[in-house]
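Derivation of every value follows stated rules applied to the coordinates shown; laboratory data play no part. Predicted model, so just to flag it, every value in this text is computed and none were measured. Here the Cβ is made from the backbone with ideal geometry for all residues, glycine too, and neighbour counts use every protein chain on show.
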Amino acid sequence: MAQEWWVGTAINKNEDYMDLDNNDTYVGGPLRVGMIVTETDGKTWSGLRQWNPESSKYGGMIIDANTSYDIYLKSRRVGIGLDNPSDKLHVYNGNIRISDPNSSTRLNFYSGTSSRFTMGQHTNGETFIWNESNDFMQFGTNGTERLRISSAGKVKIGTGNATEYLEVYPNTDVTAVIGMAKIGYISNYSDMAAFAHYDNYTSSSYALLQKADGNTFVNAKTGKVIDLRINNSTKARMSADGYFGIGTTTPQTRLDVNGSVVLGGNGNTIFNNEDNGTALHGDEGIIIPGPTSQYNISVQDGNGRIQHKWNATTGTSEKFLVGNEDAAFIDMGVEVTNGDWIEFKWADGSGKLAGETISWGTHFAINNLGNVGIGVSNSQYKLNVGGTFRANGASSFGESATFEKSATFENIASFEKDANFESQVYIGSRDHSSFNDHAIDQYELIVEGDVIAKRVVAAPSNEWPDYVFEEEYELAPLSEVASFIEEKGHLPNMPSAAEVKESGVDVVEVERILLEKVEELTLYVIELEKKIAAVEQKKSKREKRKNRKK
């Protein structure tokens, strides 16, 4: 049978307490503490002990015992769970818990009297580890440093301090993976920086290489393409065959451009393929040697040619031929007889360029006065068209343009997109200077007849009648409006019939006035509705009073 002796203090009594027979019936408080000596089966325990009647359990620290141990003190070392601690604190077969439900929990390591290293957790679950001194932190495995964080927050994977915010050491033969990207060293290219998708990180399927000297290599694996994109849209592509396309994703030649190409600059533009006899050099222009000295430019095959003919006798440029001289072709040059015309002609193919008679039909000519004739051999105007013409782009007429009546269009001129006229434009007859005795000199467009349009937009204006709804706007009483109508015969601010007959109507101004009247009418209706509502309310109150009297 166990014997227990207590010497201590009852918390709820202002007196010392001693219990030598383990029959405590005096202390009824929630807690008792003191020194204890217990003998159980011939084994003696001593220490500090605490009794909690609410849980009916003891707690305490055993200073000395013979077998199992809670806390053992020996040679200034503390053992928990064992009697031979090898360090200042030795925990055997158990865990260590540090907690504070009301504040951050920390574990501090000191050097001297200063805290050097801290780890812990805030009450919100945030965990922290930091070095409180102005020095680096090391992490390692197998007794070797593997990672270092400098006092400035720079990280180096390897040994030593980092000069950048993230470094991997050594500088060669090292790779890193970020998401699906792999960077660093690649086999056979140890002196280069490499980048690739994780699944394509090989010496033949990498995406990008750069040497220390700055030379850069862009690559795709066999059978794949290289795209240049803007806003995730492909603008240029190198195909698996080595064809480069600009504006197309299916290039068919070494350079395939879908769009216009400009070659320029201060240097020469050179196309060179000497083996096939083609050479364009830009030292003093573009020169293509022809088959004879008679031609300065000659590009031809079995079906046709482009030739420029130089007349060595007169020292003039005579012909520029496109086509096949044995059939129909186009010839441009100085008209031999008059010498002051540039003509574009069509040959019927019945003759040769070697001086035989050729039947020509003039289709376009410019004379020495700068007059242009289309279908006319000798134009008397800046532009003389012998037939119907159509202008699909912008058209500009400096002084005047006359469109004569034809059987097809019946005096109708069609202008698509822009048409720029620097003076008045008449549609219809120009044989009068007024409409209904009204002068028209100040107008830019005069139309004799009706006008139809899908949409008409007036120029922007600051005079739109939203001012009617502003507080300071003075809305005339309806009585004044009625008096004005009775006297004038029209609404205020509106032009009278006599004024319209004499001067016409400014459509934009009338639209503005009409909207002003509509907005004024809206205000009158709103005010009238308020008055009706007030009358209805009074009527309803009278009805209720009558019903109560009944």
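For the reader, a short list of remarks on this structure follows.
- Fraction of alpha-carbon pairs over 15 Å apart in the stretch 196-257 - percent: 57
- Loop-resident chymotrypsin sites (Phe, Trp or Tyr not before Pro) (DSSP state other than H, G, I, E or B) in the stretch 441-527 with no more than 16 further Cβ atoms inside 10 Å of their Cβ: Tyr443, Tyr473.
- For the residue pairs Lys454/Lys488; Lys517/Lys541; Lys454/Lys517; Lys488/Lys539; Lys454/Lys501; Lys488/Lys531, alpha carbon separations beyond 32 Å are given by Lys454/Lys488; Lys517/Lys541; Lys488/Lys539.
- Applying D = kT/(6 pi eta Rh) to the stretch 486-549, where Rh is the Kirkwood radius over alpha-carbon pairs, T corresponds to 20 °C and eta to 1.002 mPa s, the Stokes-Einstein value obtained is 140 µm²/s.
- Summing +1 for each Lys or Arg and -1 for each Asp or Glu among the other residues whose beta-carbon sits under 11 angstrom from that of Met192 gives -1.
- Inter-part distance where the stretch 437-475 and the stretch 500-550 are each reduced to a Cα centre, Å: 27
- Gain in span if fully extended, Lys544 to Val481, counting 0.36 nm per residue against the direct Cα distance: 18.8 nm
- Lysine pairs in the stretch 153-257 whose alpha-carbon atoms fall under 21 angstrom of each other, counting only those eight or more residues apart or on distinct chains, come to 7.
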